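Computed from the coordinates by the stated procedures, all read-outs in this text should not be read as laboratory data. On a predicted model such as this, the values are computed, not experimentally measured, just so you know. Every residue, glycine among them, receives a Cβ derived from its backbone with ideal geometry; neighbour counts consider all protein chains shown.
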Amino acid sequence: MLPAALTSLLVSLLALFTDSPNVKTVPPPPPTSTPPALRFELRHLHAVSPSAHVVFADVPQRAGILAENSHTLQTRRITSYKPPSFALHAQARAQSMRFGQSLLQQFPWEEEEVNAPDVEDRATLLEQMSNNAYVDPDDPAWYELGANWTVSYPFGWEPDADGFRGHVFATPDNSTVVLALKGTSSGFLGGGGPTVKKDKLNDNLLFSCCCARVDWTWTTVCGCYRGGWKCHADCVEEALIDDSLFYPIGTNLFNNLTYMYPDSDVWIIGHSLGGALASLLGATFGSPVVAFEAPGEKMAAGRLHLPSPPSTLHITHIYHTADPIAMGTCNGVLSSCALGGYAMESRCHLGSSIVYDTVSNLSWSVDVRLHGIVNVIEKILSDPWPPAVEAGREVPEPHEEEDCVECYSWEFGDFAPKDV
């Protein structure tokens, strides 16, 4: 969620990615040859116009995006579950909102084997970047990626565009497309810009227990608070489906992208708010997701009535224990987040999580300033992680966040305004 810190890690995602051959059985397969390198190019900048329409700005193609020496990125085959159509998915959500979430269990998911980044390979994670989705290459906050990734095109967004932003990368043959989403630009935490207001609104709706009601001094972002520790559940759910909010804009963006690239594999990446939105879109469309330092989005997925696929392990969260936002501890009246006007109260993530215990192993103190992606690149992924190496691994073992509980002090139900 920090723009200046974000600038970085993920979508150059691949300088090379190995496409595992589809080995069945029968006689021994022939020796595998080294797969060709896949080169990613910045194709489009995407933003939202004042009228809430997604706008793509094409980036002129130029030689020299990659130097001669490219970087290897490992991939893996995973099982993913996709809806038969987005229209059917939207219909299921609407019926669930009206008749109850039990209907979502009957959703007809389509199982599919897809290519995804090998998130258990440290070099693969390091070779990804969130493509500087917050800033323009001339901005002092732009993260230098080195000679192999010298993207220096104009930024292309309208100066007064105030919402959903990011970049689209694609291989020259369009076989794989990577959608990178910008996270929160926070004036309070450094940075800022025209998106601050809507970023903050989305943060407080998606990640707070009840409309960002922290104490009596706060102005809530929706009218669902019913006094004491009571919150009107239907009201909160309705507040999240407004067309001006980022999730519906994200689905519109994804549909536009798949229309432009109908035969391509699509990966989604992001940091902080961008990572949480990437996860929600991945849960919707079944695309592989890598999210860095994202606040817990599982509660938002339930409030959005997203049909739950048989597995969400195509979504991977990467974060460290000194980041109070990803850990779900940046809350309370005196927390850094609350002092900045952010009610970051969620903590449960979809999919699997690769968690670096920087508090125990690096003696880091919990600090919201460690939320930025640059810390992950330079202080965590740049060198082998000792506890992982001792276990014969390259990164901490991914795990699902089972028995995760949040907002336990609140009572959610059908509370009329008279209960205030």
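In whole Å, how far is the Cα centre of region 244-282 from that of region 371-420?
Computed from Cα coordinates, the inter-centre distance equals 21 Å.
Could you work out Rg/(2.2 N^0.38 Å) for region 264-345, with Rg from alpha carbons only?
Against the empirical 2.2 N^0.38 Å value, I get 1.15 for region 264-345.
Distance from a point 7 Å along Cα→Cβ of residue 174 to each backbone N in region 235-268: keep the residues under 17 Å and list them by number.
254-267
Tell me the Kirkwood radius of region 306-420: reciprocal of the mean inverse pair distance over distinct alpha-carbon atoms, in Å.
Hydrodynamic radius (Kirkwood, Cα only) of region 306-420 equals 16.4 Å.
Relative contact order for region 288-399: what percent, with Cα pairs under 8 Å and sequence separation of 6 or more?
Computed over region 288-399, the figure is 29 percent.
Could you please rank 352, 208, placing first whichever residue has the fewest other Cβ atoms within 10 Å of its Cβ?
So the residues, fewest neighbours to most, are 352, 208.
Need one word for region 196-238: rounded, prolate or oblate. Basis is the Cα gyration tensor (sqrt eigenvalues a ≥ b ≥ c); a/c below 1.5 gives rounded, then a/b vs b/c decides.
oblate
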